[in-house]
């Protein structure tokens with residue numbers, strides 16, 4: 001059912017996702033537009049590379065919060081529209097709001113529609129919809145990052161873990177959730193094409209969690 005509340009929630013979700021955290025923090029505190037350096041993406045990973053850990057952590061935290069907050073807007077639409085909170089219809093609304101926020105991050109209206117790759121915002125969405133799946137993705141991400149030092153490879157592996165975890169570990173019966181998990185995997189592959197090329201050529205930049213970054 002379409003209502004003024006659901007439409008308003010979608011608009012708010014997009015605007016929330018459109019907050020260009022990396023751009024605003026870079027410009028406000030460092031006088032730098034991160035999109036002009038490193039990989040050229042307005043996301044947490046490039047912020048880590050260009051501005052260091054402190055800025056990178058701030059961007060990552062806020063970007064995750066964007067996805068989580070936007071997804072949770074489903075609770076304000078109203079049960080008469082979404083159905084019970086444990087219903088597949090409610091999950092569908094959560095997914096729609098989360099995807100809208102991710103689109104906002106990819107194409108932010110507040111930053112000339114030049115955004116990041118949406119991994120942190122996607123994670124915030126997953127965190128809001130399915131906490132166990134999110135924790136499984138975090139585990140895989142951290143392990144791969146510690147072993148390889150590649151954030152992009154860690155993100156891709158975590159993306160593949162999501163649908164596998166939903167289907168084979170958590171045994172979700174909500175079709176839209178399963179379909180969404182597969183779409184997440186595809187989206188991460190699409191947004192990381194250049195990273196994959198650099199990985200294959202051995203030219204991808206590494207991130208050392210326990211070593212001070214150099215600008």
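Bear in mind these aren't lab numbers, they're just calculated from the coordinates by the rules spelled out. Quick caveat, the model's predicted, so the values are computed rather than measured. Reconstructed Cβ throughout: ideal geometry from the backbone, glycine too, with neighbour counts over all protein chains shown.
A few comments on the model shown:
- Ordering 85, 171, 105 from the fewest to the most neighbouring beta carbons within 10 Å gives 171, 85, 105.
- Residues considered: 88, 80, 18. Largest GNM mean-square fluctuation over the chain, using C-alpha springs under 10 Å, is found at 80.
- Highest mobility in the GNM of the chain, judged by mean-square fluctuation with C-alpha springs under 10 Å and restricted to 189, 139, 15, is found for 139.
- Considering region 1-129 at the alpha-carbon level, its Rg and Dmax are found to be 15.4, 48 Å.
- Residue of 49, 198, 114 that the Gaussian network model of the chain assigns the largest fluctuation, springs spanning Cα pairs under 10 Å: 198
- For region 131-210, the Kirkwood estimate of hydrodynamic radius, built from reciprocal distances between every pair of different alpha carbons, is 13.2 Å.
- Spin-label pair residue 200/residue 113, simplified geometry with 7 Å Cα→Cβ offset, distance in nm: 2.9 nm
- Between helix 119-129 and the chain: long-axis angle, C-alpha atoms, 0 to 90°, nearest 10: 30 degrees
- Relative contact order of the chain, defined on C-alpha pairs under 8 angstrom at six or more residues apart (%): 22 percent
- Exposure proxy ranking, count of Cβ atoms within 10 Å, fewest first, for 7, 25: 7, 25
- Inter-part distance, region 97-124 to region 149-188, computed on C-alpha centroids, equals 18 Å.
- Spin-label pair residue 3/residue 76, simplified geometry with 7 Å Cα→Cβ offset, distance in nm: 1.5 nm
- Over the chain, the ratio between the Cα radius of gyration and 2.2 N^0.38 Å evaluates to 1.02.
- Theoretical ellipticity at 222 nm over the chain - DSSP helices of four or more residues, -39500 (n - 2.57) apiece, nearest 500: -20500 deg cm²/dmol
- Sorted by Cβ neighbour density within 10 Å, fewest at the top, the residues 69, 100, 47, 173: 173, 69, 100, 47
- Cα-based helix-to-principal-axis angle, 131-148 vs the chain, degrees rounded to 10: 10 degrees
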